[in-house]
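Step one of this worksheet: look at the structure below.
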Amino acid sequence: MAKPLTDQEKKKQISVRGLAGVENVADLKTNFNRHLHFTLVKDRNVATKRDYYFALANTVRDHLVGRWIRTQQHYYEKDPKVSSGLMSQSCTYTQLTEKRWGSGRVYYLSLEFYMGRTLQNTMVNLALENACDEATYQLGLDMEELQDIEEDAGLGNGGLGRLAACFLDSMASLGLAAYGYGIRYEFGIFNQKIVSGWQVEEADDWLRYGNPWEKARPEYMRPVHFYGRVEHTAEGVKWVDTQVVLALPYDTPVPGYRNNIVNTMRLWSAKAPCEFNLKDFNVGGYIQAVLDRNLAENISRVLYPNDNFFEGKELRLKQEYFVVAATLQDIIRRFKASKFGSTEFVRMDLSTLPDKVAIQLNDTHPALAIPELMRILVDIEKLTWEKAWDIVVRTCAYTNHTVLPEALERWPVDLFQNLLPRHLDIIYEINRRHLERISKLYPGDLDRLRRMSLIEEGNVKKINMAHLCIVGSHAVNGVARIHSEIIKDTVFKDFYEVDPKKFQNKTNGITPRRWLVMCNPGLAEVIAERIGDDYIRNLDQLKQLLDFVDDEAFIRDVAKVKQESKMKFAAYLEEQYKVKINPSSMFDVHVKRIHEYKRQLLNCLHIITLYNRIKKEPNKSWVPRTIMIGGKAAPGYHTAKMIIKLITSIGDIVNNDPVVGDRLKVIFLENYRVTLAEKVIPAADLSEQISTAGTEASGTGNMKFMLNGALTIGTMDGANVEMAEEAGEENLFIFGMRVEDVDAMDKKGYDALLYYNKLPELKQAIDQISGGFFSPSQPDLFKDLVNMLMHHDRFKVFADYEDYIKCQEKVSELYKNPKEWTKKVIHNIAGSGKFSSDRTISQYAKEIWGMEPSLEKIAAPDDPR
């Protein structure tokens, strides 16, 4: 059990961990015991560790409830019933962004919210951490042990889902009336087990023991329709004979940082209606009819585990429509009922919807919001097409997350015809009017019409969802400066030429609450001792650390915190995986989804080269490294799974070679997820961000490492470009081709053999892989990987090999000089302020949603109003 802190230590920790007042601690203990007794129906003789976790979670949740209710009241009260009138599509963007200030609500629609654990984040944002620590200690319990019982909410694959989670934290911390809407998957991203070096997937039954953070809201259940047919009647178009699935909402509180605001993430779960399958009742069919309810409820059963890859399955299209249809009903209900708790509709005129509502589409997954909102406005609310379309475009905005062609959603028209016939009609009409506009602008340019159409002709007619999003939104953004330029120059060039004002950049960010204060309290504290703790709200203040870059004491403190994090992570690895590592070695970390474009294979080639060099000159003094690679491969992605097997196989050889000893260790980090990221990132010395230039839209892991005092080795890709700009390029290890070089190589053709024949160390490494050196019992195990690298490598691993190896030599050289290394670390931390999601969200608010973020606190529930 952790020993209690000395008074001196407590004083130091107050700023970031909150005050442990005597009354506060006594209250927490009382409420803990009350929950153990009344909520869990246990006493201390029979309670398990899990019971104690639930008692603590419920105790902390109690502190959210009053603020949660008060926040929603606050949003209704400050809603001025002012209409800014209709704005034409030609209105200026200044006008567009002046419309929702002080009154609007933003709806962030995403198929993924990668939240991780909630308990500690809630304590941080409510300043309860010290008080809870003290209370659990006095109760004879260990806080860290209880925190470890919580399951991750793994409702995301990687960057896109984690970004949504960081955005929720920032929207609450900036006082925006924001709602995250998604699906409550019963099974999140699979748990990864490594068995004899291979990835094996296991279902993530995260709700097995219940989830203390969610509240079901059956009173807001909504029907969602599928299949059926379209009827044209005198009263207008009707979608009839549909199958109905009910959407049951579960609300999770999202607390802002110490501002008493608690926003809502609302996730929908699928339920079969009572009469499901019973109306076409056959004799003896009752039991089967009840069993078939599962078919409807499968919609929210499982997260599709693909990152940057489109799999056109009907169940996935159902999920996409399900979240959109349920959410839009909710948005319109809330728009019409302007009084808190009111069930009567007050606002019936939907023409002011864009003045009150902003909908942000997180990638194309919720693109059906565009035709669905048209369907509601035209078929149900009886607006004209023109009026409805104006409302839709001014309400919706679209974020693009990738330029990889295999990731772009293209749904077969036949699937739509069957599942969503009315939406197909609406998309055809949107396309007709869109192409009419384009042909007026470019008479006779048929090729341009073909390129810009929402419908792709071919063997199988397909709907291009990105094109639908661009046409149906008033703003389109990329997620890092270089990415936003690439989409304007390449994939969406035609659209940019027609509507240049639509296109914006919003460089991604991360929340400093979870990714510094919570996961690295030692570093947060050392920073607060120098510049105060206001930087947690305004991360730009980290620039002030430049004043301390030559301060011996600060250099020492930063290095000490890093060493402590490394010791702690080394102990964790030993406990979890029985591997002993050298905590004074360089921790070289490469964690992200396993994908060819992220080039884990380039890292493998460096490992093999380093191994061969040590074997060749075993008496030379080598800078010791522990190389950690982690990440999940999509279950159907054969190449990615082979990459994992290669990494583990290299580890088996390297880690058991007595000549190498502890100068080089290779560890595959099993089941990389939010909670493991929180442990490994503070411990990293070197962050690997080595995608082929032009392929990683932004990256956000790169920012987390930078904020936590690791140095980056990376290409000029994604947000790395802006990181180099903020910290000074001399403080990162930048290598490899730039986007221009990659483009030039694509034009002239990439020849892997050229490099293989020119670079002896590369040839040796490839020959070892293909000759079975790392798989002695199956010499040709990796022939497919080698064949790919030699003959059809889209990501040009060999082209960057030589520069990468040289760059890694510079890394080792600098690591020998701890003081100079730490100075570069300080430059990086000082330059990471731009990469707060608070900055990103402020820009979305002002430049896309027309809302004004605010750092003011609202009254706490126990304050007299």
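The values are calculated or read from the model by the stated rules, or taken from the named source; none is laboratory data. Since the model is a prediction, treat every value here as computed from it, not as a measurement. All Cβ positions, even for glycine, are placed from backbone atoms using ideal geometry, and neighbour counts span all protein chains on display. For accessibility, only protein heavy atoms count, side chains too; no ligands or nucleic acids. Shrake-Rupley method; radii C 1.70, N 1.55, O 1.52, S 1.80 Å.
Quick look at the numbers
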{"read-out": "All helices (runs of 4 or more DSSP H) inside region 763-865 with 3 or more residues being among the hydroxyl-bearing types (Ser, Thr, Tyr) and modelled with pLDDT of 95 or more", "value": "797-815, 837-844"}
{"read-out": "Output for region 154-168, where each listed residue is open to solvent by 10 Å² or more (accessible area, probe 1.4 Å) and touching a helix residue (DSSP H, G or I) at 6+ places or on another chain (Cβ under 8 Å)", "value": "Gly159, Arg162"}
{"read-out": "Which listed residue, of Leu449, Leu454, is touching a Leu at 6+ places or on another chain (Cβ under 6 Å) and open to solvent by 10 Å² or more (accessible area, probe 1.4 Å)", "value": "Leu449"}
{"read-out": "Within region 770-805, tally of residues that are acidic (Asp, Glu), under 30 Å from Ser621 (Cα atoms) and open to solvent by 20 Å² or more (accessible area, probe 1.4 Å)", "value": "2"}
{"read-out": "Those residues of region 698-730 which are open to solvent by less than 10 Å² (accessible area, probe 1.4 Å) and in a loop (DSSP other than H, G, I, E, B), in sequence order", "value": "Ser698, Asn708, Gly709, Ala710, Thr715, Asp717, Gly718, Ala719"}
{"read-out": "Filtered residues of region 170-215 (kept if basic (Lys, Arg) and in contact with a Pro (Cβ under 9 Å, 6 or more places away or on another chain))", "value": "Arg184, Lys215"}
{"read-out": "Residue, surrounded by the fewest Cβ atoms within 10 Å (Cβ to Cβ), within region 576-592, restricted to residues that are touching a Lys or Arg at 6+ places or on another chain (Cβ under 7 Å) and modelled with pLDDT of 95 or more", "value": "Pro583"}
{"read-out": "Selection count, region 389-401, where residues are open to solvent by 10 Å² or more (accessible area, probe 1.4 Å) and not charged (D, E, K, R)", "value": "2"}
{"read-out": "Strands (runs of 3 or more DSSP E) wholly inside region 613-696 containing at least 1 residues that are open to solvent by 20 Å² or more (accessible area, probe 1.4 Å) and either more than 30 Å from Val558 (Cα to Cα) or not polar (S, T, N, Q) (or both)", "value": "664-669"}
{"read-out": "Matching residues, region 493-527, being farther than 19 Å from Gly699 by Cα, in contact with a Leu (Cβ under 8 Å, 6 or more places away or on another chain) and either of a type in the set (Phe, Trp, Tyr) or surrounded by fewer than 22 Cβ atoms within 10 Å (Cβ to Cβ) (or both)", "value": "Val498"}
{"read-out": "Residue in region 16-33 that is open to solvent by 60 Å² or more (accessible area, probe 1.4 Å), among the hydroxyl-bearing types (Ser, Thr, Tyr) and modelled with pLDDT of 95 or more present", "value": "yes"}
{"read-out": "Meets criteria (open to solvent by 10 Å² or more (accessible area, probe 1.4 Å), part of a loop (DSSP other than H, G, I, E, B), farther than 23 Å from Tyr185 by Cβ and modelled with pLDDT of 90 or more) for Asn260", "value": "yes"}
{"read-out": "Test for Leu573: is it open to solvent by less than 40 Å² (accessible area, probe 1.4 Å), touching a residue at least 12 places away in the same chain (Cβ under 8 Å) and aliphatic (A, V, I, L, M)", "value": "yes"}
{"read-out": "Among (1) surrounded by 20 or more Cβ atoms within 10 Å (Cβ to Cβ); (2) farther than 30 Å from Met586 by Cα - the single one Ser837 does not satisfy", "value": "(2)"}
{"read-out": "Tally of residues being touching a helix residue (DSSP H, G or I) at 6+ places or on another chain (Cβ under 7 Å) and open to solvent by 10 Å² or more (accessible area, probe 1.4 Å) across region 806-821", "value": "6"}
{"read-out": "Of all residues making up region 97-140, the number that are at pLDDT below 95 and touching a Pro at 6+ places or on another chain (Cβ under 7 Å)", "value": "3"}
{"read-out": "Pairs where the first residue, in region 533-552, is assigned by the TED database to the domain that holds Ile829 and the second is open to solvent by 60 Å² or more (accessible area, probe 1.4 Å) and at pLDDT below 95, C-beta under 7 Å, 6+ apart", "value": "Arg537/Leu855"}
{"read-out": "Where Glu386 falls short, out of the listed (1) under 24 Å from Val476 (Cβ atoms); (2) crowded, with 19+ Cβ neighbours inside 10 Å", "value": "(2)"}
{"read-out": "Hits in region 589-612 (condition: assigned to a helix (DSSP H, G or I) and within 21 Å of Gln199 (Cα to Cα))", "value": "Glu596, Tyr597, Lys598, Gln600, Leu601, Leu602, Asn603, Cys604, Leu605, Ile607"}
{"read-out": "Strands (runs of 3 or more DSSP E) lying entirely in region 453-515 (those with 3 or more residues that are within 30 Å of Gly831 (Cα to Cα))", "value": "475-478, 503-505"}
{"read-out": "Hits in region 528-565 (condition: among the acidic types (Asp, Glu), open to solvent by 60 Å² or more (accessible area, probe 1.4 Å), assigned to a helix (DSSP H, G or I) and farther than 21 Å from Arg258 by Cβ)", "value": "Asp547, Glu552, Glu564"}
{"read-out": "Enumeration of residues in region 415-425 that are under 31 Å from the mean Cα position of the chain (by Cα) and within 22 Å of Met452 (Cβ to Cβ)", "value": "Phe416, His423, Leu424"}
{"read-out": "Residue check for Ala407: of a type in the set (A, V, I, L, M, F, W, C) and touching a helix residue (DSSP H, G or I) at 6+ places or on another chain (Cβ under 6 Å)", "value": "no"}
{"read-out": "Residue identified as touching a residue at least 24 places away in the same chain (Cβ under 8 Å), more than 23 Å from Leu420 (Cα to Cα) and in the same structural domain as Tyr108 (by the TED database) among Val323, Val262, Val290, Val244", "value": "Val262"}
{"read-out": "Output for region 407-446, where each listed residue is open to solvent by 70 Å² or more (accessible area, probe 1.4 Å), acidic (Asp, Glu) and touching a residue at least 40 places away in the same chain (Cβ under 8 Å)", "value": "Asp414"}
